[in-house]
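Report on the following structure.
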Amino acid sequence: MASDIYNQSAFLVLQTAYLYYVDRMSQQEIADQLNVSVTTVSRLLKKAKEEKVINYVMDQECLNCIDLAKELKQEFDLQEVIIAPIDWNKKDTMNPSEKRKLVALEGARYLQRIIQEKDVLGISWGRIVCDMLLYLNPSHKVDTTFVTLHGQLGDCIRQDLRELVTGMAKAFSGKNYYLSSKALVESKEKAAYIKHHPNARKVYEMFDSINISISGIGAWYPEAKSILAENRFLLKTEQELLQNNRVAGDIGLRFFDLDGNECKTELSDRLISIGFEQFKRIERKITVAAGLEKAYALLSALKGELIDVLIVDRELAQELLNIHMNEKEKQNG
């Protein structure tokens, strides 16, 4: 029929699809082999899709990650949710460090995707944030500023917070500022004195300019798993004080309860860190977390609107959603 005169050879459609998707040849290589133009190859591939010669099948576990991310984003009204997919058959044999690094990679790539000129980023220490540093592409240059959200944790950690913030700034060729004093001091009077010191005052003045924060999250409920729960940072009496105030977690060295509200204790005045309400005002608060023990802390932080972007592993995402939905059922029941 006359209407068929412009139709392409059906076999050529199949052949082109095979060369491109199975033999992994480039469009230029296919064009050379079949003696057609690259434009024709592109049209043939399009026709292969339209006629279902080629069908795309996505791994079910990957689909589950996408669906789970969409559900969490909707439930908590988040800017973005990123879930690091894992081989579900190997989830029970992966150690915490391996899971953490999968999430850290996602965090690093997200940061490089959204960072822009003149951004001011607040950095909170965390093992997973330190892992992010390993995956930052040093060729991604942006004129940005990095500033610590709190003072030094001392013997409580292996990698100094100053090394972390300077390392991130170096990766982007940005500027960096940090608080050099201890994060928790002996009295509120000493804390007030430190905050008014020229070096610390400079950082405190920058807190209001921070538009992106990057932090992990410390878990305190149902068990105290946060690194801040170690006696090298908090005394036993200080931990008990927080637990008496229903502490659920910590972000940016600020403690919050099961409802996401600040645990207002005498520790609040002794901390050298960004204020709780000040932290909440940051436009894009990125929390990166791995491990099932973080679920309740994340849920509490989400209730308190302490997170805008959530980057987690697959198991943690599912556990978080399960706990949240169970709570909703109890409230509605």
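The values are calculated or read from the model by the stated rules, or taken from the named source; none is laboratory data. Owing to the predicted nature of the structure, the values given are computational and were not obtained by experimental measurement. Cβ placement follows ideal geometry from the backbone for every residue including glycine, while neighbour counts extend to all protein chains displayed. Just so you know, the surface numbers come from the protein's heavy atoms only, side chains and all, with ligands and any DNA or RNA stripped out. Shrake-Rupley method; radii C 1.70, N 1.55, O 1.52, S 1.80 Å.
Things worth noting here:
- Full-extension gain in nm, Gln15 to Val57, via 0.36 nm per residue minus C-alpha separation: 13.1 nm
- Using the Cβ of Leu44 as centre and a radius below 12 Å, the other residues enclosed give a net charge of +2, where K and R count +1 and D and E count -1.
- The GluC sites (Glu not before Pro) of the range 242-333 that DSSP puts in a loop, and whose beta carbon has at most 16 other beta carbons within 10 Å, are Glu283, Glu305.
- Unit charges at the beta carbon, dipole of the chain: most positive-side option, Tyr178, Gln79, Cys62: Tyr178
- Computed E for Asp259/Arg232 - FRET, C-beta separation, R0 22 angstrom, nearest 0.05: 0.15
- Electrostatic dipole magnitude of the chain [Cβ: Lys, Arg +1; Asp, Glu -1; Cα centre; debye, to 20]: 780
- Backbone phi angles across the range 78-85, fed through the Karplus curve with coefficients 6.51, -1.76 and 1.60 (θ = phi - 60°), yield HN-Hα couplings of 8, 5, 7, 10, 10, 10, 6, x Hz in residue order; Gly and Pro are listed as x.
- Cα gyration tensor shape for the range 74-187, rounded if a/c is under 1.5, else prolate or oblate: oblate
- Rounded to the nearest 5, the antiparallel percentage of DSSP beta bridges internal to the range 198-333 is 45%.
- Probing with 1.4 Å while keeping every protein chain in the model, the per residue accessible area of the range 104-185 equals 42 Å².
- Centroid-to-centroid, using Cα positions, the range 255-333 and the range 183-222 are 19 Å apart.
- Whether the range 233-282 is rounded, prolate or oblate, judged on the alpha carbon gyration tensor where a/c under 1.5 counts as rounded: oblate
- Counting only Cα atoms, the range 227-318 measures 36, 27, 22 Å along its principal axes, largest extent leading.
- Backbone N atoms of the range 225-259 closer than 11 Å to the 7 Å Cα→Cβ label point of Glu266 belong to residues 238.
- Relative contact order [Cα under 8 Å, 6+ residues apart], the chain, whole percent: 18
- The portion of the accessible surface of the range 41-118 made up by carbon and sulfur, rounded to a whole percent, is 48 (1.4 Å probe; DNA, RNA and ligands excluded).
- Percent accessible area from carbon and sulfur atoms, the range 251-328, protein chains only, probe 1.4 Å: 40
- Sites counted here are trypsin sites (Lys or Arg not before Pro) in a DSSP loop (not H, G, I, E or B) having no more than 16 other Cβ atoms within 10 Å; the longest part of the chain that contains none of them is 159-224.
- Anisotropy class of the range 273-333 from Cα gyration tensor, a/c 1.5 cut: oblate
- For the chain, the 222 nm mean residue ellipticity estimated from helices alone, with every DSSP H stretch of n ≥ 4 adding -39500 (n - 2.57) and the total spread over all residues, rounds to -13500 deg cm²/dmol.
- Of all stretches in the chain that contain no chymotrypsin sites (Phe, Trp or Tyr not before Pro) in a DSSP loop with at most 13 other Cβ atoms within 10 Å, the longest one is 57-333.
- When the range 1-151 is described by a simple charge dipole with +1 on each Lys and Arg Cβ and -1 on each Asp and Glu Cβ, the residue from Tyr110, Leu19, Val53 located farthest towards its positive end is Tyr110.
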